[in-house]
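Notes for the one structure printed next.
Coordinate-derived values only; no laboratory data. This is a predicted model, so every value here is computed, not measured. Heads up, the Cβs are rebuilt from the backbone with ideal geometry, glycines too, and the neighbour counts pull from every protein chain shown.
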Amino acid sequence: MKTKLNQSKLKLAIVSAMLLGTAGITVPAYAVTATADLAVSANIGNSCTISTTDLAFGAYDPIVTNKTASLNKMAAVSSTCTTGATGTIALNNGGNSTEEDGRRMKHASSDNFLNYSVSNAAYGGASWGDGVTVGFTGTGSPDAKDVYGSVAAAQSTAINGNYSDTIVATISY
C-alpha cells in the first residue's frame, strides 16, 4: 500500500510543529510573587557647636582719651544648633576676676590689672557672667550673640604694656 502525502498538509504539519516548538521557548513562565515592607527610619539628636570672636580693645589711654570715657568694643559668641534645640550660653568671669573688682585683664609681666566688663545688652549693661546666661533656639544656622565689652574710664594706675584675660563660653543644650 502506498501512502500518498498531501504536500499542503505536510507543510502545515511542519509549520505547526515549528510554531509549537518555538512557542514553548518564548512563552513567559508565570512566577509567583510576594511583597514585604522595608522600614526606613532615622533619629536626629540635639547637637550644638560654639565659637567666639576676640574682644580686642586695642589702645587704652587713661590720661587723655579714656580719662572720662570708657573704651568700648564688641565681640560675638556664635552657636549653631539642631533646629528646635534650646539652651543657654554662659560666660565665666575670666581667669583674673575677683569678687571685689570683677573681671580684670592682667599685665603681661607684672601683677597690674585693667578692669573691664562684658554684657549681652549694651556697653556697661548688666554683666554677662556670674550666673547670667543668654537663651537660644536652634535653627540649623549660625546664631551670633553680641558681646559688649567695656574698659572702665580713669584707670590711671594701669602701667604701660599688654593686658589680657580669657573668658570661657559654655553652651548648654
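Please find, within segment 114-128, the residue that is surrounded by the fewest Cβ atoms within 10 Å (Cβ to Cβ) out of those that are polar (S, T, N, Q) and over 24 Å from Asp61 (Cβ atoms).
My answer is Ser127.
Taking interchain pairs and intrachain pairs at least six residues apart, which have beta carbon atoms under 7 angstrom, with the first residue in segment 67-95 and farther than 24 Å from Pro142 by Cβ and the second of a type in the set (A, V, I, L, M, F, W, C) and in a strand (DSSP E or B)?
Sorted first by the residue in segment 67-95, then by its partner, the pairs are Ser70/Val151; Leu71/Val151.
I want to confirm something. Restricting to segment 136-173 and keeping residues that are in contact with a Gly (Cβ under 7 Å, 6 or more places away or on another chain) and of a type outside the set (S, T, N, Q), which single residue is nearest to Asn66 (Cα to Cα)?
Tyr148
Of all residues in segment 120-173, which are under 30 Å from Ile44 (Cα atoms) and aliphatic (A, V, I, L, M)?
Residues satisfying the conditions are Val132, Val134, Ala144, Val168, Ala169, Ile171.
Out of all the residues in segment 131-139, is one or more closer than 30 Å to Cys48 by Cβ, assigned to a loop (DSSP other than H, G, I, E, B) and small (Gly, Ala, Ser)?
Within segment 131-139, one or more residues are closer than 30 Å to Cys48 by Cβ, assigned to a loop (DSSP other than H, G, I, E, B) and small (Gly, Ala, Ser).
Can you work out which of the residues in segment 92-113 that are under 17 Å from Ala154 (Cβ atoms) and not charged (D, E, K, R) is surrounded by the most Cβ atoms within 10 Å (Cβ to Cβ)?
Selected residue: Met105.
Name the residues in segment 114-128 that are in a strand (DSSP E or B) and without any contact (Cβ under 8 Å) to a residue 60 or more places away in the chain, would you?
Within segment 114-128, Leu114, Asn115, Tyr116, Ser117, Ser119, Ser127 meet the criteria.
So in segment 44-53, with the set limited to residues that are of a type outside the set (A, V, I, L, M, F, W, C) and surrounded by 10 or more Cβ atoms within 10 Å (Cβ to Cβ), which one is farthest from Leu91 (Cα to Cα)?
Asn46
Taking segment 129-167 as the region of interest, how many residues are surrounded by 12 or more Cβ atoms within 10 Å (Cβ to Cβ), under 17 Å from Asn96 (Cβ atoms) and either in contact with a Leu (Cβ under 6 Å, 6 or more places away or on another chain) or touching a residue at least 60 places away in the same chain (Cβ under 8 Å) (or both)?
Of the residues in segment 129-167, 10 are surrounded by 12 or more Cβ atoms within 10 Å (Cβ to Cβ), under 17 Å from Asn96 (Cβ atoms) and either in contact with a Leu (Cβ under 6 Å, 6 or more places away or on another chain) or touching a residue at least 60 places away in the same chain (Cβ under 8 Å) (or both).
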